[in-house]
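K.L.:
There's a structure below that I have some questions on.
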Amino acid sequence: MNTQTSHKATRLNLVDFKSVPIRTFWITSFAFFICFFAWFGIVPFMPDVVRDLGLTPAQKWNSVVLAVAGTIFARLLIGKLCDKYGPRLCYTWLLILGSIPVILSGLVQTPMQFYLCRLFTGFIGASFVITQVHTSLMFASNVVGTANATSAGWGNLGGGANRLGMPILAALVIGFGIAESDAWRYSMVIVGGVCFLTGLLYYFFTKDTPEGNYTELIVKGEKIPMRKKDTVGFLESIKDYRVWVLFMVYAACFGIELTVYGTMDDYLQHTFKLDRITAGNLVLSFALMNIFARTLGGYYGDKYGKSNGLKGRVWFLAAIIVAEGLMLGLFSIATTLTIGIILLIAFSLTVQMAEGATFSVVPFINKKAIGSISGIVGAGGNFGAFIAALFLKSKSEVAEKAALLANETLGAEAAAAAQSVASAQAVAEGFLIIGVAIVVSGLATLIIRFSLEDEKIAKREIEQLSPELIRIED
């Protein structure tokens, strides 16, 4: 006689490894971590890539933009596929196919080859959507925001942990006799291999729902979550204004977090005269806040949902988004390192809480199309990063060109210094403008409404939930 979870988990009991929802939570969080680790794995090696491939500053920026652009398309597609085929198969194939461009990144010889690898590596950023769909299917409404936020936050750690992990991996590779100049290539190949193996892990050790995989439920003649009216649900989701408001909101939080990851190292070095290692460690600390910050956003979303209904979730989301915009705007005008670090910590906390709060609202928009809606909203994050990267790139290029023209008679060294200062000032101005835009998007969140029937259903679900996991004998 075996026991299996027959209903969604009503609490996040992380040590209950026999529970299908908890086991899936751990595996999907790990898969998300690996995907983000691989997606941003090249970042610590960009000086080596620039040297080996002869990339210009513009080409380096282009590779950043392409890595984000690939994810936008992938996230829009993967949500629909999750509704139809289930998260287990979608994650398995994403990891296996996504491992290919990661491995090939270590074999590139030309800028164009590098561009293509970055574009297709960006597809594994869609892992976020599958993680959110899978945890939404596994956890009940009283804890779904916390579960979604925690799995996403711990997965997001991969985007910062690579700054420490990839240099360590490269050092191990060198220890085995590989030339230092080639260590970054071998490191990318190894990480790609780990993605492939994680895909196999996902296939064999997770299930689509607490009751079983979609194929098993079909054989038993049971209802498949989100699948019966998949087409209708998808069409409804793209017509629902609330989905696009959340698209914009996620662009204003996760999109900006991605942009900050990519620009903060240089900004700290140029603005506050920090050395490369110190600046990198600060950015890593910023990423490590995902251990708890995103969970806090989901937790408070659930908390206000219990006390004030679905509108309570929206109110909290609006407040935390506005706070995020204020923190980024204030950081952009900070002139001392101490104040700058305090504001950066505050921004880090609020932006990650906003991400968690967003996906405490998403599962309640349309339960027939959780995958499609998660995909659209998730794509909003990368769309925001894409637009923000283009915006900062254009401001930086204009400022650098003007600085070079103004200082070209002073010598190469002086001109380069002036160029760095101009770039940092342009980015600061860009951060301020982006901060204002975030505040506006936060206020716009308040137009999200739920029907009285939706509020009644959500309240009834909370009242009927058991505080313990419900198990039955198989």
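The values are calculated or read from the model by the stated rules, or taken from the named source; none is laboratory data. Just so it is clear, the model here is predicted, and its values are computed rather than measured. Cβ sites come from the backbone with ideal geometry, for glycine too, and all protein chains shown count toward neighbours.
K.L.:
Which residues, taken from the stretch 88-112, are among the hydroxyl-bearing types (S, T, Y) and within 24 Å of G371 (Cβ to Cβ)?
P.N.:
Selection gives Y91, T92, S99.
K.L.:
Evaluate the following for L66: is it buried (at least 17 other Cβ atoms within 10 Å of the Cβ) and not in a helix (DSSP H, G or I)?
P.N.:
no
K.L.:
Can you work out which of the residues in the stretch 177-189 that are in contact (Cβ under 8 Å) with a residue 12 or more places away in the chain and of a type outside the set (A, V, I, L, M, F, W, C) is surrounded by the fewest Cβ atoms within 10 Å (Cβ to Cβ)?
P.N.:
The qualifying residue surrounded by the fewest Cβ atoms within 10 Å (Cβ to Cβ) is S181.
K.L.:
Is it the case that some residue within the stretch 233-245 is without any contact (Cβ under 8 Å) to a residue 40 or more places away in the chain, of a type outside the set (K, R) and over 23 Å from V144 (Cβ atoms)?
P.N.:
Scanning the stretch 233-245 turns up at least one residue that is without any contact (Cβ under 8 Å) to a residue 40 or more places away in the chain, of a type outside the set (K, R) and over 23 Å from V144 (Cβ atoms).
K.L.:
Moving to a separate point now. So which residues in the stretch 79-121 are small (G, A, S) and in a helix (DSSP H, G or I), if there are any at all?
P.N.:
Hits for the stretch 79-121 are G79, G98, S99, S105.
K.L.:
Just one of R88, R75 is crowded, with 23+ Cβ neighbours inside 10 Å and touching an Asp or Glu at 6+ places or on another chain (Cβ under 6 Å); which is it?
P.N.:
R88
K.L.:
Also, quick follow-up: May I ask you to list the residues in the stretch 161-176 that are farther than 16 Å from V102 by Cβ and either free of Cβ contacts under 8 Å to residues at least 60 places away in the same chain or crowded, with 24+ Cβ neighbours inside 10 Å (or both)?
P.N.:
I168, A171, L172, I174, G175, F176
K.L.:
Another one. What helices (runs of 4 or more DSSP H) completely inside the stretch 126-223 contain at least 2 residues that are modelled with pLDDT of 90 or more and hydrophobic (A, V, I, L, M, F, W, C)?
P.N.:
127-138, 144-156, 158-175, 183-205
K.L.:
Of all residues in the stretch 312-330 being of a type outside the set (G, A, S) and buried (at least 24 other Cβ atoms within 10 Å of the Cβ), which is farthest from F139 (Cα to Cα)?
P.N.:
The residue in question is L328.
K.L.:
Follow-up. Just to be sure, is L104 among the aliphatic types (A, V, I, L, M), closer than 19 Å to D182 by Cα and either in contact with a helix residue (DSSP H, G or I) (Cβ under 9 Å, 6 or more places away or on another chain) or at pLDDT 95 or above (or both)?
P.N.:
yes
K.L.:
Let me ask you something else. So which pairs qualify, if the first residue must be in the stretch 341-367 and within 24 Å of I448 (Cα to Cα) and charged (D, E, K, R), the second must be modelled with pLDDT of 95 or more and buried (at least 21 other Cβ atoms within 10 Å of the Cβ), the Cβ gap must be under 6 Å, and the two must be at least 6 apart or on different chains?
P.N.:
Here the result reads E355/C253, each pair linking the stretch 341-367 to a residue that is modelled with pLDDT of 95 or more and buried (at least 21 other Cβ atoms within 10 Å of the Cβ).
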